[in-house]
């Protein structure tokens, strides 16, 4: 009798598990990543014509579009009253960079004494086919150096060894990087033969104060996946970043497509200054990474996770195609623009 009861209980349990299984699958399926792709990176500039000339003539970006926007929707999207913005979209390879000039009101410049471990640090990493040729080209065009020269990361670092990198600045003082991957690293498309020197954008890197707090935003809330990590230190890393004693925890994040995001946490030194709490979208140190997502559907999750909003809520930034946009800030103040069409 006990055996029959036990078998009956097991059968009932099995039936309940079968009933519950579809519901459980549905719940898991509903928790899809908010972000489907990283579309572009946007940077605020002070003189559009000068910046377009620099990125086009020096770095081979090709202009795609040039528009001017203003009005209530854009004021509420960017959180800047009276905003009038000229936006130029540029393309390099498969990736896009947006230059944004606030014709009004003008923001503050990048601090002249900015260091690579300051909290507002952000750059794009441009992949090159030949580091020596790329450096010579930049040297001949008198770009402002951040590194003394290209640095070859040592093979003692298995995740970064053999990568060559160099930091420099654009006319507004924004940080940029050229990067060359050895055959065993980087996406396969960076290894394809090409007669172009500047190939495309691999990622945008940002300084963060706490990698785990940043991962709760980028991974757990937005749904980006961790693609790799490393701890970088040594004289090559110090010279690359121009930060004496630099030791970094680096976490690479990716969406289904588009460039990645790298989190740079300085384990040492702790001399970097935080992002100003009053940072506005028209300040020249302000960048935003543009991500494709279902903006309206995302609002509940973003509010539940107490994500810092710049926009009051989803804004219909292009009524012609009903593209909803939302500007957010991560735990360190770096901006994210979610967009849906």
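Rounded to the nearest 0.05, what FRET efficiency is calculated for residue 273 and residue 316 with R0 set to 41 Å and r the Cβ-Cβ distance?
Efficiency, rounded to the nearest 0.05: 0.65.
Starting from 0.36 nm per residue, how many nanometres of slack lie between residue 304 and residue 229 once their C-alpha separation is accounted for?
24.2 nm
Restricting attention to the alpha-carbon atoms of segment 112-268, what are Rg (one decimal) and Dmax (integer), both in Å?
15.0, 44
Compute the FRET efficiency between residue 108 and residue 130 as 1/(1 + (r/R0)^6), taking r as their Cβ-Cβ distance and R0 = 35 Å, and round to the nearest 0.05.
Working from the Cβ atoms, E equals 0.40.
What whole number of Å gives the distance from the Cα centroid of segment 307-332 to the Cα centroid of segment 140-186?
A separation of 33 Å, based on Cα centres.
If each of residue 156 and residue 244 carries a label point 7 Å out from its Cα toward its Cβ, how far apart are those two points in nm?
2.1 nm
For a footprinting-style exposure proxy, rank 54, 145 by other Cβ within 10 Å, fewest first.
The order, fewest Cβ neighbours first, is 145, 54.
To make sure I understand, if each residue's beta carbon is the centre and we count other beta carbons within 10 Å, what order do 96, 74 fall in, fewest to most?
Starting with the residue having the fewest Cβ neighbours, the order is 74, 96.
Residue 75 label point, 7 Å along Cα→Cβ, cut-off 13 Å on backbone N: hits in segment 281-317?
none
Starting from the Cα of residue 140, step 7 Å along the direction of its Cβ; do the same at residue 49; then give the gap between the two resulting points in nm.
With each label point 7 Å from Cα toward Cβ, the separation is 2.7 nm.
Relative to 2.2 N^0.38 Å, what does the C-alpha radius of gyration of segment 64-108 come to as a ratio? Two decimals please.
Against the empirical 2.2 N^0.38 Å value, I get 1.26 for segment 64-108.
Restricting to bridges with both residues inside segment 112-268, how much of the DSSP beta-bridge set is antiparallel, in percent to the nearest 5?
For segment 112-268, the DSSP antiparallel bridge percentage is about 75.
If you count the DSSP beta bridges with both ends in the chain, what percent of them are antiparallel, to the nearest 5?
If we restrict to bridges inside the chain, about 75 percent are antiparallel.
Taking the Cβ of each residue in 291, 275 as the centre, tally the other Cβ atoms inside 10 Å and list the residues starting with the fewest.
Ordered from fewest to most neighbouring Cβ atoms within 10 Å, 291, 275 come out as 275, 291.
Just the number: Rg to Rh for segment 138-194, Cα atoms, Kirkwood Rh, two decimals.
1.03
Over segment 50-164, what number does the Rg to Rh ratio reach, with both radii from the alpha-carbon atoms and Rh per Kirkwood?
Reported Rg/Rh, Kirkwood definition of Rh: 1.03.
Run the helix sum for the chain: -39,500 (n - 2.57) per DSSP H stretch of 4+ residues, divided by residue count, reported at 222 nm to the nearest 500 deg cm²/dmol.
Roughly -6500 deg cm²/dmol at 222 nm, from the helical runs in the chain.
Can you divide the C-alpha Rg of the chain by 2.2 N^0.38 Å and report the result to two decimal places?
So the Cα radius of gyration is 1.13 times the expected 2.2 N^0.38 Å.
When only Cα pairs under 8 Å and 6 or more residues apart are kept, what is the percent relative contact order across the chain?
That works out to 22 percent.
Pop the C-beta distance of residue 66 and residue 256 into the FRET formula with R0 = 25 Å and round what comes out to the nearest 0.05.
Calculated transfer efficiency: 0.30.
Rule-based calculations on the coordinates, nothing more; no lab input. Since this is a predicted model, take the numbers as computed values, not measurements. Ideal geometry is used to build each Cβ from the backbone, glycine not excepted, and the neighbour counts take in all protein chains shown.
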